[in-house]
Amino acid sequence: MRLDEAYSGNVFIGAHPELESSSIVIYGMPMDWTASFRPGSRFGPKRIREASLVLEEFSPYLRRDLSEVNYYDAGDLPLPFGNPERSTVAIGEFVERIMQQGKMPLGIGGEHLVTWPVVRTLRKTYGDLAVIQLDAHADLRTDYEGESLSHATPLRKIAELLGPENVYQFGIRSGTREEFAYAEQGKIHFHPFEVLQPLKEELPGLQGRRVYVTVDIDVLDPAFAPGTGTPEPGGITSRELLQAIHLIARSDVEVVGADLVEVAPIYDPTEQTPVTAAKVIREMLLGFSR
């Protein structure tokens, strides 16, 4: 799929009609092939785009308007159903084309495994890449029931690729004993349960660094985002998530890519989950663009 082959369906609010003059490319990764509890995140990208239409294009937090940022919506990638290996290859190849054109990738998942091929691709360009993860789950397993390509393994793969000292995890409140031991005894910047205060403390150390930001919607308490495949009680509020995005946006890090994953709209008839996700993406667009 070429970057300029936008599909005929809906696009994210305010998307620019021309690829060439856009600095950011939004793309959907509709994949939930390894979901271990509730599938359905492959429908997330489409529903988030539809929900974005309820938003204003102006952010009162950042005092910026979407008209000030040129971003192109390339639609959903045509991923081979049920095949995580070929799907991750396809995602990586697409992101590489984004990078070759000097544009920033902003992905919409899909399960969290989709982050792995994106980071692997960006690492080729940015040797000093760090990853900030906002999530309920550590995702540090080496495999899930014998499968290394799983939504439970992307951050372990990323830590082994970048070095654990370049991984920053916030809001984690679920994982195996082995995952927590790996995070706590290794060099990962591991912050269970909390997001805002540890993020404030860690960002100065990332000054001048190139950073990829990955947000799993289940970092939110299920009261704020019930529409996800693996809900985990005890999370943060939607307000705190927006504040975290703004902290990163106002810091001295250079965000070179981002994603939001694990929205499964079928489990939220109120649609608050895709609306919240759309608002977070709006703040990413306005805050991370340079």
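The values are calculated or read from the model by the stated rules, or taken from the named source; none is laboratory data. Small disclaimer: the values here were computed from a predicted structure and weren't measured. Reconstructed Cβ throughout: ideal geometry from the backbone, glycine too, with neighbour counts over all protein chains shown. Surface areas here come from the heavy atoms of the whole protein model, side chains and all, with no ligands, DNA or RNA. Shrake-Rupley method; radii C 1.70, N 1.55, O 1.52, S 1.80 Å.
Can you tell me the length gained on complete extension of the stretch H246 to E194, counting 0.36 nm per residue apart and subtracting the Cα distance? Provide the component values of the computation, followed by the final result.
Working: separation 52, 0.36 × 52 = 18.72 nm, distance 1.61 nm.
Taking H246 through E194 to full extension adds about 17.1 nm, to one decimal.
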**Report entry** the chain - accessible surface per residue (Å², probe 1.4 Å)
**Finding:** 40 Å²
**Report entry** the chain pair-distance distribution - Cα-Cα, 5 Å bins, rounded %
**Finding:** 1, 6, 14, 18, 22, 19, 13, 6, 1, 0
**Report entry** Debye, to nearest 20: dipole size of the chain, +1 on Lys, Arg Cβ, -1 on Asp, Glu Cβ
**Finding:** 380 debye
Query raised in the report: With the dipole of the range 49-100 worked out from charges on the C-beta (+1 for Lys and Arg, -1 for Asp and Glu) around the Cα centre, which of A74, Q100, A51 lies farthest toward the positive end?
Result: Q100
Report summary line: If each part is reduced to its alpha-carbon centroid, the range 199-250 and the range 84-98 end up apart, in Å, by 25 Å
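With a/c under 1.5 counting as rounded, go ahead and sort the range 93-136 into rounded, prolate or oblate using the C-alpha gyration tensor (a ≥ b ≥ c being the square roots of the eigenvalues; past the cut-off, prolate if a/b is larger than b/c, else oblate).
Numbers: a/c = 2.08, a/b = 1.37, b/c = 1.52.
Oblate, because a/c is 1.5 or more while a/b does not exceed b/c.
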Report summary line: The answer for A130, listing residues at least 5 apart or on another chain whose modeled amide H is closer than 5 Å to its amide H, is R210, V211, Y212
Query raised in the report: Counting only residues 5 or more places away or on other chains, whose amide H sits under 5 Å from the amide H of V261 once H atoms are built in the peptide plane?
Result: G109, V215, D216, I217
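Between R239 and R290, what length comes free when the chain is fully extended (0.36 nm per residue of separation minus the Cα-Cα distance, one decimal in nm)?
Values: separation 51, 0.36 × 51 = 18.36 nm, distance 2.37 nm.
Taking R239 through R290 to full extension adds about 16.0 nm, to one decimal.
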Query raised in the report: Once label points are set 7 Å from the Cα along Cα→Cβ at both L161 and N83, what is their separation, rounded to one decimal in nm?
Result: 2.0 nm
Query - Where labels lie 7 Å past Cα in the beta-carbon direction, separation of E18 and Q207 in nm - result: 3.9 nm
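Once you sort the root eigenvalues of the Cα gyration tensor of the range 91-191 as a ≥ b ≥ c, which label holds: rounded (a/c under 1.5), prolate (a/b larger than b/c) or oblate (the other case)? Please list the in-between numbers first.
Values: a/c = 2.04, a/b = 1.59, b/c = 1.28.
The shape class here is prolate.
Stretch Q185-Q100 to full length: gain in nm at 0.36 nm per residue minus the Cα-Cα span? Walk me through the numbers on the way to the answer.
Values: separation 85, 0.36 × 85 = 30.60 nm, distance 3.77 nm.
Working it through step by step, the gained length comes to 26.8 nm.
How do the peptides 231-240, 129-138 rank, highest first, by the average count of neighbouring beta carbon atoms within 10 Å per residue? The partial results should precede the final answer.
Working: 231-240: 17.0, 129-138: 24.7.
Result, highest mean Cβ count within 10 Å first: 129-138, 231-240.
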Query raised in the report: Can you list, bin by bin at 10 Å, the percent of alpha carbon pairs in the range 214-253, starting at 0?
Result: 32, 46, 19, 3
Query raised in the report: Put +1 on the Cβ of each Lys and Arg and -1 on the Cβ of each Asp and Glu in the chain; which of G28, T88, V253 then has its Cα farthest toward the positive end of the dipole?
Result: V253
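Rounded if a/c is under 1.5, else prolate if a/b is larger than b/c, else oblate: which is the range 143-259, with a ≥ b ≥ c the root eigenvalues of its Cα gyration tensor?
Values: a/c = 1.64, a/b = 1.11, b/c = 1.48.
Note, shape of the range 143-259 comes out oblate.
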Report task. Provide the solvent-accessible area of H16, counting protein heavy atoms only and rolling a 1.4 Å probe, rounded to the nearest 10 Å². Result -> 50 Å²
Query raised in the report: Near the amide H of D73, under 5 Å away, which other amide H atoms are found, from residues 5 or more places off or on another chain, if H is placed in the peptide plane?
Result: H16, I26
Query raised in the report: What residue among P192, P78, P274 shows peak mean-square fluctuation when the chain is described by a Gaussian network model with Cα springs under 10 Å?
Result: P78
Requested in this report: Rank G92, G163, G110 by mean-square fluctuation in a GNM of the chain with C-alpha springs under 10 angstrom and give only the top-ranked residue.
Outcome: G163
Report summary line: Which of G109, G208, G229 fluctuates most in a GNM of the chain (C-alpha springs under 10 Å)? That residue is G208
